[in-house]
């Protein structure tokens, strides 16, 4: 079974990557996950300078999911380059660096700095985080702004640029076309949905940031729909994200049009989830009549349905 795939120019040994925000920078899972076995690692979002993030509480469990209001806490690009990137290089990981900022110039500055470093395979442009009150998310709702920040980053780096889109918009396909037209090499879909919970005992919002991003199996149907729409709206690859727990979930995203996927929330309850998915994937592909990952990509699109 050929489980290799590619997201544009980025070749992957298998289609399962660690999602940004849930895997830290890699060392956090040392001894639990063999990073080299993964298709790749999307690291936690990196800004030009350290961000403190939101006030606690930051995480709240929900039925079939998780709310988080981390607020993109991160050590800044220089600390990442000095302290975390060497580990990922040593592990032989395919590294996707998620980058964040409050302005186009900040996004471009991070991209420009990372362009000088070996061992980075792509940048993932986070314009869609729902739990920060400034920057980031403003680009995720305006096609013009999204295109502008994508173009700014493309002008600052030679690395492939993936743009992570928000589901919290009325025109996901339009957003995808805007960033594709601006030069994006791939699209990640989707980021978390905006949600909220109430702490009944304390009679107040459960999260310090009041609202947060909902992830986990509860959002998987939304994510599959997003991949389906985006993959037919643009001619660049799509990376599917949202509630993946099993190899069958991966196949669903592939058939919807994804070239690869990212696994996030599942790793909190099962650190070995990605390894288990990768091991099971060949059998699941064979069970449904595929001889490779490539053959499954877009298999559910109109014109390829079977009776």
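Surrounded by 21 or more Cβ atoms within 10 Å (Cβ to Cβ), closer than 27 Å to residue 259 by Cα, touching a helix residue (DSSP H, G or I) at 6+ places or on another chain (Cβ under 6 Å) and touching a residue at least 60 places away in the same chain (Cβ under 8 Å) - does that describe any residue in the range 80-88?
no
Run down 238, 234 and say which single residue is over 16 Å from residue 3 (Cβ atoms) and touching a strand residue (DSSP E or B) at 6+ places or on another chain (Cβ under 6 Å).
238
Name every residue in the range 267-291 that is under 21 Å from residue 63 (Cβ atoms) and free of Cβ contacts under 8 Å to residues at least 40 places away in the same chain, in order of residue number. Write out each step before concluding.
Keep residues of the range 267-291 that are under 21 Å from residue 63 (Cβ atoms), which gives 267-270, 273.
Scanning the range 267-291 gives 269, 270, 273.
List the number of the failed condition for residue 253; all other conditions in (1) more than 20 Å from residue 8 (Cβ to Cβ); (2) assigned to a helix (DSSP H, G or I); (3) touching a strand residue (DSSP E or B) at 6+ places or on another chain (Cβ under 7 Å) hold.
Every listed condition holds for residue 253 apart from (1).
Yes or no: residue 225 modelled with pLDDT of 95 or more, under 14 Å from the mean Cα position of the chain (by Cα), more than 16 Å from residue 294 (Cβ to Cβ) and part of a helix (DSSP H, G or I)? It would help to see each step written out before you state the result.
On the way: modelled with pLDDT of 95 or more: yes; under 14 Å from the mean Cα position of the chain (by Cα): no; more than 16 Å from residue 294 (Cβ to Cβ): yes; part of a helix (DSSP H, G or I): yes.
Judged against the criteria, residue 225 is not a match.
What do you reckon, is residue 268 within 20 Å of residue 193 (Cα to Cα) and surrounded by fewer than 18 Cβ atoms within 10 Å (Cβ to Cβ)? Full working, then the answer.
Details: within 20 Å of residue 193 (Cα to Cα): yes; surrounded by fewer than 18 Cβ atoms within 10 Å (Cβ to Cβ): yes.
Spelling it out, residue 268 is indeed within 20 Å of residue 193 (Cα to Cα) and surrounded by fewer than 18 Cβ atoms within 10 Å (Cβ to Cβ).
Which members of the range 26-74 meet the condition of being under 15 Å from residue 273 (Cβ atoms), assigned to a loop (DSSP other than H, G, I, E, B) and modelled with pLDDT of 95 or more?
If the condition is that a residue be under 15 Å from residue 273 (Cβ atoms), assigned to a loop (DSSP other than H, G, I, E, B) and modelled with pLDDT of 95 or more, then 38, 39 are the ones that fit.
Of the residues 280, 247, 286, which is in contact with a helix residue (DSSP H, G or I) (Cβ under 8 Å, 6 or more places away or on another chain), farther than 20 Å from residue 122 by Cβ and surrounded by fewer than 16 Cβ atoms within 10 Å (Cβ to Cβ)?
280
Quick check on this structure: which one of 173, 148, 180 is farther than 20 Å from residue 224 by Cα, in contact with a helix residue (DSSP H, G or I) (Cβ under 9 Å, 6 or more places away or on another chain) and not in a strand (DSSP E or B)?
Every option except 148 fails the conditions.
Any residue at all in the range 122-131 that is surrounded by fewer than 21 Cβ atoms within 10 Å (Cβ to Cβ) and either under 15 Å from residue 164 (Cβ atoms) or out of contact with any helix residue (DSSP H, G or I) (no Cβ under 6 Å at 6 or more places or on another chain) (or both)?
no
Can residue 12 be described as crowded, with 23+ Cβ neighbours inside 10 Å and either in contact with a strand residue (DSSP E or B) (Cβ under 9 Å, 6 or more places away or on another chain) or in contact (Cβ under 8 Å) with a residue 24 or more places away in the chain (or both)?
no
The values are calculated or read from the model by the stated rules, or taken from the named source; none is laboratory data. Fair warning: this is a prediction, and the values are worked out from it, not measured in the lab. Ideal geometry is used to build each Cβ from the backbone, glycine not excepted, and the neighbour counts take in all protein chains shown.
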